[in-house]
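Have a look at the structure below, then the notes.
The values are calculated or read from the model by the stated rules, or taken from the named source; none is laboratory data. Fair warning: this is a prediction, and the values are worked out from it, not measured in the lab. Ideal geometry is used to build each Cβ from the backbone, glycine not excepted, and the neighbour counts take in all protein chains shown.
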Amino acid sequence: MIISESKVVSLHYTLNNVDGEQIESSKGNDPLQYIQGVGQLIPGLEEALTGKAVGDALNVTVEPEKAYGYRSDDLIQKVSKEQFPPETVIEAGMQFQADNGMVFTVVEIAGEDVTLDANHDLAGQTLNFDVEVLDIREATAEELEHGHVHGPNGHED
Ligand code: ZN
C-alpha cells in the first residue's frame, strides 16, 4: 500500500528550520497520524509523501507558500483591553484561540490598546522535515466524515 487520498498514515517526523535548528519532533512521543488529502498536513509535505510506502524515509524542504504562507500585516490588529473578559491577565507573548479557531498572539500592550497577531508562528519560514513512514491503512467512512483519525475505540479514543 502506498500513500494516496484517504489513507491514514502514521509517521515520525522532525521539523527543523533552514538553520538546522529543531522546531519540533514526534520522536519520543506517539507517531503523528493524519488522513492524506483532507488538509491536515501542509500541502508541501502531503505532496512529498504521496506514493511513499511503509519504511520509506525522506527529507523534504518546504517553501512558505506550501507550508504556512507568508506573514501578512492584515493579520495584525489593535483591539481594546475591554474586549477581553475582565478577569483576563493580558501579557505580551500570550496566545489564545478565538471562537472562529484562529490563534492570536499578543505582541504589544500600550495603555488600553492590545496589538494582536494572527500570523502562524511558522509563517514566512522555509521548513525542513525528516520523515519516516511507519504505517498506512485505509481511512474508515467515519474518519473521512470527521476529517480526523480515530483510535481503536473510535472517535472517543
Ligand atoms: Zn471523530
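Descriptive notes on the structure:
- The single condition from (1) surrounded by 13 or more Cβ atoms within 10 Å (Cβ to Cβ); (2) among the small types (Gly, Ala, Ser); (3) within 16 Å of the ligand (Cβ to nearest atom) that Gly154 fails is (1).
- Some residue of the stretch 114-130 being under 20 Å from Ile3 (Cβ atoms), charged (D, E, K, R) and either more than 16 Å from the ligand (Cβ to nearest atom) or modelled with pLDDT of 95 or more (or both): yes
- Remark: pairs (first residue in the stretch 138-157, under 15 Å from Gln40 (Cβ atoms) and without any contact (Cβ under 8 Å) to a residue 12 or more places away in the chain; second residue within 10 Å of the ligand (Cβ to nearest atom) and not basic (Lys, Arg); Cβ separation under 6 Å; 6+ apart in sequence or on different chains) = His150/Glu143.
- Within the stretch 1-14, being of a type in the set (A, V, I, L, M) and surrounded by fewer than 19 Cβ atoms within 10 Å (Cβ to Cβ) holds for Met1, Ile2.
Okay, residues lined up against (1) within 26 Å of Ile35 (Cβ to Cβ); (2) surrounded by fewer than 14 Cβ atoms within 10 Å (Cβ to Cβ):
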{"site": "Lys52", "(1), (2)": "yes, no"}
{"site": "Thr88", "(1), (2)": "no, yes"}
{"site": "Phe96", "(1), (2)": "no, yes"}
{"site": "Asp121", "(1), (2)": "yes, yes"}
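- Being within 16 Å of the ligand (Cβ to nearest atom) and acidic (Asp, Glu) holds for only one residue in Glu63, Glu142, and it is Glu142.
- Where strands (runs of 3 or more DSSP E) fall entirely within the stretch 17-103, those with at least 2 residues that are over 20 Å from His148 (Cα atoms) and modelled with pLDDT of 95 or more are at 22-25, 57-62, 76-80.
- Subset of the stretch 28-74 (residues that are under 16 Å from the mean Cα position of the chain (by Cα), free of Cβ contacts under 8 Å to residues at least 24 places away in the same chain and over 25 Å from Ala139 (Cα atoms)): Glu65
- Hits in the stretch 104-138 - residues which are among the hydroxyl-bearing types (Ser, Thr, Tyr) and not in a loop (DSSP other than H, G, I, E, B): Thr105, Thr115
- Taking every residue in the stretch 83-103 that is charged (D, E, K, R) and pairing it with any residue that is assigned to a strand (DSSP E or B), at least 6 positions away or on another chain, the pairs with Cβ-Cβ distances below 7 Å are Glu91/Val106.
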